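Worksheet for the structure shown next.
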2 protein chains.
Amino acid sequence: MHIDLDRHSGRTLTEQIRTAIIDRIQSGLLQEGEKLPSVRSFSSQLEVSQMTVFHAYELLELDGMIERVHGKGTFVRSQSARLPFQDQRSAKPSMDWQNRVADYLPRVQYWRMMMQTPLLDVAKLTMAALHDSLIPADWISRQLAHYAQEDHTLLTEYGPIQGDSKLREAVLPYFREKSINVTASEIMILNGSQQGIDLVASTFIGPGDCVVLEEPVYPCTIDVFRKRGATIYTVPIDDEGMCVDQLAALCDTRPPKLIYTNPTYQNPTGTVMSARRRAQLLELAQSYHSIILEDDATSDLYFGDPPPPPIKSLDKYGHVIYLKGISKMISPGCRIGFLIADGTFIARLIGAKGISDLGTPLITQKALLPFFMSSQLKKHLPFLREKLKQRRNLVLRTLHKLAPAGVNWSKPDGGLSIWVTLPATMNAEELHTYAMKEGISFLPGHVCFPVQQQYHHFRICFSYLDEPLLEQAVTTLCRVLREFVQSNRHSQQVISM
Amino acid sequence: MHIDLDRHSGRTLTEQIRTAIIDRIQSGLLQEGEKLPSVRSFSSQLEVSQMTVFHAYELLELDGMIERVHGKGTFVRSQSARLPFQDQRSAKPSMDWQNRVADYLPRVQYWRMMMQTPLLDVAKLTMAALHDSLIPADWISRQLAHYAQEDHTLLTEYGPIQGDSKLREAVLPYFREKSINVTASEIMILNGSQQGIDLVASTFIGPGDCVVLEEPVYPCTIDVFRKRGATIYTVPIDDEGMCVDQLAALCDTRPPKLIYTNPTYQNPTGTVMSARRRAQLLELAQSYHSIILEDDATSDLYFGDPPPPPIKSLDKYGHVIYLKGISKMISPGCRIGFLIADGTFIARLIGAKGISDLGTPLITQKALLPFFMSSQLKKHLPFLREKLKQRRNLVLRTLHKLAPAGVNWSKPDGGLSIWVTLPATMNAEELHTYAMKEGISFLPGHVCFPVQQQYHHFRICFSYLDEPLLEQAVTTLCRVLREFVQSNRHSQQVISM
């Protein structure tokens, strides 16, 4: 088969061979079932590399024009089997090729969750966020409005990658009250604390690196470490938080590069890690040269005694990278989080932040600045704790009164959510289907298990709905629960008969 | 220390180790005085022979980058005579263990650049950003102040991962004027367009994937793809933009998974890719099932005829992922960018965005919304073009009048910057040292070369300084240039004698 190749046309040789063969097939010069020359003979005939011919054949196979039969050769495909190459293009453009483009997203559970509950008329017990009335939006808005008109630099400047230096200074007293002795140079401002998890993972974790997560854990954390190709191990949680003895056993065989923990009012279980366990965990990290990623979204939201100080407050040798999000205590709209790290870690993470987005917007940083510089935070937090405590009590009372026997739930001393456990044979995702029909959504617990999924838990949040709606939603949920438990018991009896 | 070695790249392993370590030292990830791994441990970690590491260290010593101290080990060379490194640390608890924690940041050149020029009294010809007077900060601030007080949802809600639906609707007419026929569902709102490059890379590119960059290219792009472990190939730029015939030749042997291009007023050269080349590039991507990442920051900033429509406007089969940043045309403080993609690509990228930061802040999105919904953009752009054209003319006039013979520069028809080329034997980084002493900074061009660095170019931006300061800075620069060229010529004569 002769093909005229033009070596100065700007079109690749592969492409010229490909179109020449398509032309010959479509014009009938090459017939169905006809055998094409071998890669070796064709390449020497055309005086091109074998790779060029090989690639042309590969493309022609994707085009559906030819097929390669192992051990026999390459043949023109029959017309019926052939994809309508030209016609397809003229009718509706096909983007099928995209499906063959590999990506590095093993799971995107968070996005999936968000897509599943966009319904407006559903009472979202799903949302681990604050109700409008609990957000000092009025105060912040007024300050922002003022700031925006007084100081245009928040629109005209990029701002430092590490974050606005005034805001980094302004938060120091807040962190010092948590016994974290830090300077502004060890703080980086994030576009929400989720970005902190992602930056730490993309800086330090790669394929096969060993990462330990609590079980259960906030689902989006799993997404991040899966995306990095980490080997994930899990350690269960009991009343004192992560079971550090089990972690110690794991460290002996697989020293983790990173241990992720959410020690205070853990999302989703609401558990608080004891002071003793915090110290033990840090000691383990020191022994095994592991990084601890301490995620603290809700330690300010306590309903009785304050929780133990953060693990970061005990850290001497730079093992702990500490994340503080403000979405769950001040405002989610700002998407601001703080990362604290020492030594070379902070420099490396600022480098990673530069690569990732050049820095957090100045506008959102400046929106929060007056809040931290004034006495507002100190006024806001006691108010917020009181309101959240009332809501927690409301939900606990309602569950106590109306939930069926066999269902258990956590009694958290702080945070935003309650973890409900069904009898082990029941499936909370199935329950969710029923609940949604009654206008209630919650978070089915299996998405919080990184390795071995458990299906009989779910999370409800008491922070997002207003109180009357919250009471109504939990009451309805209890009704659905009773019916669900009853019908499950009934069907089990049927099966066991 | 982690180094991605490509065993099929045609570059020796010794050379790959050498350049990886130079990258880390130059970007500040490896600090002065830091100890490198022993030959034996490094070779076993990298799975290469001890000879390979030994040679790399030998070359690095010749480069003046490291020094081997007999009986102690190999260290990053310190620039000053004394080594206060250890002493400094002994006061504080030792965080040395951190240096043994490998990371995945082969280079962080952008961060390094930003750290190098924080001086206040330097006229920054470096900054590819707009001067305050060119930013409609007053109008946007007033709207934002109004919005913040009227609608508290911008503080109380997370907003969708994909971005505010009203803003995605509001920008449709703007994109349609660029002949990009898009729906709101195919747009994602970013935290600045840099985030778009990072998301596309972290979604589609992994170790060894073949990525093509223009040469020279915006430095932070190199950081992103290096971080993903991509095998980077480069294609030079001529007057018509990327040399597509060279790309075609490359495709025959190494079909790229992704081709990054900045076709309009390219950063740093200011070049515009011709309409013919745009079509050819897309054809190549179609043939080889490659993704084109089209980065468009400045196509609105034309000084004469508008440039050809974006490559995205020609895209039928979803090959082009299009990025539009607004920092260089409206406001950098908002950190807003738009990503346009079709088919399964947009869904995958939204998933990646969720993992990365749960979504762009509502505040910054709402700050821009009125600007796109009103006639402001249409009023702002002609004003901005006229002002930038005046500045470009001012700089070209000054260069023409005062720059020494042998120095050449681009005459861009749009954008923010001019690319200056010295005689090939001269070093723009050396020139920069002199210029900084005279209070002038610019971007030394070698950071824009991903593989084989060229040292005789630099970039100056005419957008950031006010006009009198700009004229003064360029005048001073020309004086420094004359002295530099003269002393270089002189020393060359001395050598040749």
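The values are calculated or read from the model by the stated rules, or taken from the named source; none is laboratory data. Source: prediction; values computed, not measured. Backbone-built Cβ (ideal geometry, glycine too); neighbour counts: all protein chains shown.
Residues in the range A:373-397 that are more than 14 Å from chain B (Cβ to nearest Cβ) and crowded, with 19+ Cβ neighbours inside 10 Å: A:Leu377, A:Leu388, A:Arg391, A:Arg392, A:Val395. The set of residues from the range A:133-163 being of a type in the set (Val, Ile, Thr) and modelled with pLDDT under 90 comprises A:Thr153, A:Thr156.
Close contacts from the range A:270-291, counting a first residue that is at positive phi and a second that is in a loop (DSSP other than H, G, I, E, B) and not β-branched (Val, Ile, Thr), with Cβ to Cβ under 7 Å and a gap of 6+ residues or different chains, come to A:Gly270/A:Ser410; A:Gly270/A:Pro412; A:Gly270/A:Gly415.
Of the numbered criteria (1) touching a residue at least 12 places away in the same chain (Cβ under 8 Å); (2) surrounded by fewer than 16 Cβ atoms within 10 Å (Cβ to Cβ); (3) more than 18 Å from A:Ala435 (Cβ to Cβ), the one A:Ser463 fails is (2).
Against the criterion of being among the β-branched types (Val, Ile, Thr) and under 23 Å from A:Met127 (Cα atoms), A:Val272 qualifies. Within the range A:187-202, can one find any residue that is surrounded by fewer than 23 Cβ atoms within 10 Å (Cβ to Cβ) and small (Gly, Ala, Ser)? Within the range A:187-202, not a single residue is surrounded by fewer than 23 Cβ atoms within 10 Å (Cβ to Cβ) and small (Gly, Ala, Ser).
Taken together, the residues in the range A:27-59 that are assigned to a loop (DSSP other than H, G, I, E, B), surrounded by 14 or more Cβ atoms within 10 Å (Cβ to Cβ) and of a type in the set (A, V, I, L, M) amount to 3. Among the conditions (1) surrounded by 20 or more Cβ atoms within 10 Å (Cβ to Cβ); (2) at the interface with chain B (Cβ under 10 Å from one of its Cβ atoms), A:Leu282 misses just one, which is (2). Across the range B:147-185, the number of residues qualifying as farther than 21 Å from B:Lys378 by Cβ and assigned to a helix (DSSP H, G or I) comes to 9.
Among the conditions (1) more than 9 Å from chain A (Cβ to nearest Cβ); (2) in contact (Cβ under 8 Å) with a residue 60 or more places away in the chain; (3) buried (at least 18 other Cβ atoms within 10 Å of the Cβ); (4) out of contact with any Phe, Trp or Tyr (no Cβ under 6 Å at 6 or more places or on another chain), the only one that B:Trp409 does not satisfy is (2).
For the range A:231-251, taking the residues that are of a type in the set (A, V, I, L, M, F, W, C) and closer than 16 Å to A:Phe449 by Cβ, the one that is modelled with the lowest pLDDT is identified as A:Ile232.
Within this structure, A:Ser290 passes the test of being closer than 24 Å to B:Leu29 by Cβ and in contact with a strand residue (DSSP E or B) (Cβ under 7 Å, 6 or more places away or on another chain). Annotation note: of A:Leu394, A:Leu388, A:Leu384, A:Leu399, the sole residue that is touching a residue at least 60 places away in the same chain (Cβ under 8 Å), in the same structural domain as A:Leu477 (by TED's automatic domain parsing), in contact with a strand residue (DSSP E or B) (Cβ under 7 Å, 6 or more places away or on another chain) and not acidic (Asp, Glu) is A:Leu399. Selection within the range B:139-177: residues that are acidic (Asp, Glu) and more than 7 Å from chain A (Cβ to nearest Cβ). The member of this set that is farthest from B:Leu358 (Cα to Cα) is B:Glu177.
Assess whether B:Leu62 counts as being modelled with pLDDT under 85, exposed (fewer than 12 other Cβ atoms within 10 Å of the Cβ), more than 27 Å from A:Gln162 (Cβ to Cβ) and not assigned by TED's automatic domain parsing to the domain that holds B:Ile222. The answer is yes for B:Leu62.
Among the residues that make up the range A:416-433, is at least one of them of a type outside the set (Val, Ile, Thr), within 30 Å of A:Arg176 (Cβ to Cβ) and either surrounded by 24 or more Cβ atoms within 10 Å (Cβ to Cβ) or not assigned by TED's automatic domain parsing to the domain that holds A:Gln472 (or both)? Within the range A:416-433 (the criterion being of a type outside the set (Val, Ile, Thr), within 30 Å of A:Arg176 (Cβ to Cβ) and either surrounded by 24 or more Cβ atoms within 10 Å (Cβ to Cβ) or not assigned by TED's automatic domain parsing to the domain that holds A:Gln472 (or both)), the answer is yes, since at least one residue qualifies. Within the range A:102-132, restricting attention to residues that are at pLDDT below 70 and under 16 Å from the mean Cα position of the chain (by Cα), the residue that is surrounded by the most Cβ atoms within 10 Å (Cβ to Cβ) is A:Met114. Only one of the numbered conditions (1) away from every other protein chain (no Cβ under 11 Å); (2) touching a Cys at 6+ places or on another chain (Cβ under 8 Å) is violated by B:Thr183, and that is (2). For the range B:448-455, the criterion of being within 28 Å of B:Ile222 (Cα to Cα), in contact with a helix residue (DSSP H, G or I) (Cβ under 6 Å, 6 or more places away or on another chain) and among the hydroxyl-bearing types (Ser, Thr, Tyr) is satisfied by at least one residue. With respect to the conditions (1) at the interface with another protein chain (Cβ under 7 Å from one of its Cβ atoms); (2) buried (at least 23 other Cβ atoms within 10 Å of the Cβ); (3) assigned to a loop (DSSP other than H, G, I, E, B), B:Phe345 lacks only one, and its number is (3). For the range B:224-251, the candidate set comprises residues that are within 10 Å of another protein chain (Cβ to nearest Cβ) and of a type in the set (D, E, K, R); within that set, the residue that is farthest from B:Ala297 (Cα to Cα) is B:Asp245. Any residue at all in the range A:204-227 that is buried (at least 21 other Cβ atoms within 10 Å of the Cβ) and among the basic types (Lys, Arg)? Yes: one or more hits. Applying the condition of being touching a residue at least 60 places away in the same chain (Cβ under 8 Å) and in a helix (DSSP H, G or I) to the range B:352-363 and asking which residue is surrounded by the fewest Cβ atoms within 10 Å (Cβ to Cβ) yields B:Gly354.
Of the numbered criteria (1) buried (at least 24 other Cβ atoms within 10 Å of the Cβ); (2) at negative phi, the one A:Arg335 fails is (2).
Regarding A:Pro236, is this residue in contact with a strand residue (DSSP E or B) (Cβ under 6 Å, 6 or more places away or on another chain) and not in a loop (DSSP other than H, G, I, E, B)? When the stated conditions are applied, A:Pro236 passes them.
Taking each residue of the range B:316-328 that is assigned to a strand (DSSP E or B) and looking for partners that are hydroxyl-bearing (Ser, Thr, Tyr) with beta-carbon atoms closer than 8 Å, six or more apart or interchain, yields B:Leu323/B:Ser193; B:Lys324/B:Ser193; B:Gly325/B:Ser193. Scanning the range B:205-223 for residues being within 13 Å of chain A (Cβ to nearest Cβ), closer than 19 Å to B:Thr271 by Cβ and β-branched (Val, Ile, Thr) gives a total of 2.
Candidates are the residues of the range A:300-329 that are basic (Lys, Arg) and in contact with a Phe, Trp or Tyr (Cβ under 7 Å, 6 or more places away or on another chain); the one that is farthest from A:Lys178 (Cα to Cα) is A:Lys324.
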